[in-house]
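> There's a structure below that I have some questions on.
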Amino acid sequence: MDSREALASFVRSLRRDHADNAASWDNADLGDFLEALAAWVDDAAGWYQRAGHDLPDNADWAFFARALSAATVYE
């Protein structure tokens with residue numbers, strides 16, 4: 001992702017995929033999805049390492065956290 005717009009577009013494509021293919025998702029309900037998201041964030045360094053990359057130093061975790069939090073009340 002190289003912009004907010006790209007991230008928003010990606011999230012919308014996930015939403016469409018969920019609407020069309022929820023049965024193929026291992027974590028199709030919100031609670032399971034959020035738990036899997038937290039688990040991935042916990043293991044992000046390991047995931048990057050297994051993929052042969054370093055965890056990005058410039059990841060703006062605060063922006064993503066604010067976006068997730070805002071989505072609980074934003075209409």
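The values are calculated or read from the model by the stated rules, or taken from the named source; none is laboratory data. Small disclaimer: the values here were computed from a predicted structure and weren't measured. Note: ideal-geometry Cβ built from the backbone for every residue, glycine included; neighbour counts use all protein chains shown. When the accessible area is computed, the model is the full protein with side chains, heavy atoms only, and any ligands, DNA or RNA have been set aside. Shrake-Rupley method; radii C 1.70, N 1.55, O 1.52, S 1.80 Å.
> Consider segment 17-41. How many of its residues are over 21 Å from T72 (Cβ atoms) and in a helix (DSSP H, G or I)? Before you say what the answer is, go through the steps one by one.
Going residue by residue through segment 17-41, those that are over 21 Å from T72 (Cβ atoms) are 17, 20-21, 23-24, 26.
Those left that are additionally in a helix (DSSP H, G or I): 17, 20-21, 23-24.
Residues that pass the stated criteria total 5.
> Right, another one. Among the numbered criteria (1) open to solvent by 80 Å² or more (accessible area, probe 1.4 Å); (2) under 13 Å from the mean Cα position of the chain (by Cα), which one does E5 miss?
All conditions are met except number (2).
> Then there is this: Which numbered condition trips up V11, out of (1) closer than 18 Å to R66 by Cβ; (2) touching a helix residue (DSSP H, G or I) at 6+ places or on another chain (Cβ under 6 Å); (3) at pLDDT 90 or above?
The failed condition is (2).
> Could I ask something else about it? When you scan segment 8-27, how many residues do you find that are farther than 20 Å from W61 by Cα and open to solvent by 100 Å² or more (accessible area, probe 1.4 Å)?
Matching residues across segment 8-27 total 5.
> Of all residues in segment 46-63, which are open to solvent by less than 70 Å² (accessible area, probe 1.4 Å), within 25 Å of W25 (Cβ to Cβ) and not in a loop (DSSP other than H, G, I, E, B)? Explain how you work it out, then say what you get.
Narrowing segment 46-63 to residues open to solvent by less than 70 Å² (accessible area, probe 1.4 Å): 46, 48, 51-52, 55-56, 59, 62.
Within this subset, residues satisfying the condition of being within 25 Å of W25 (Cβ to Cβ) are 46, 48, 51, 59.
Selection gives G46, Y48.
> How about segment 28-40: which of its residues are open to solvent by less than 60 Å² (accessible area, probe 1.4 Å) and within 13 Å of the chain's Cα centre (by Cα)?
Step one: of segment 28-40, the residues open to solvent by less than 60 Å² (accessible area, probe 1.4 Å) are 28, 31, 36-39.
Scanning segment 28-40 gives A36, L37, A38, A39.
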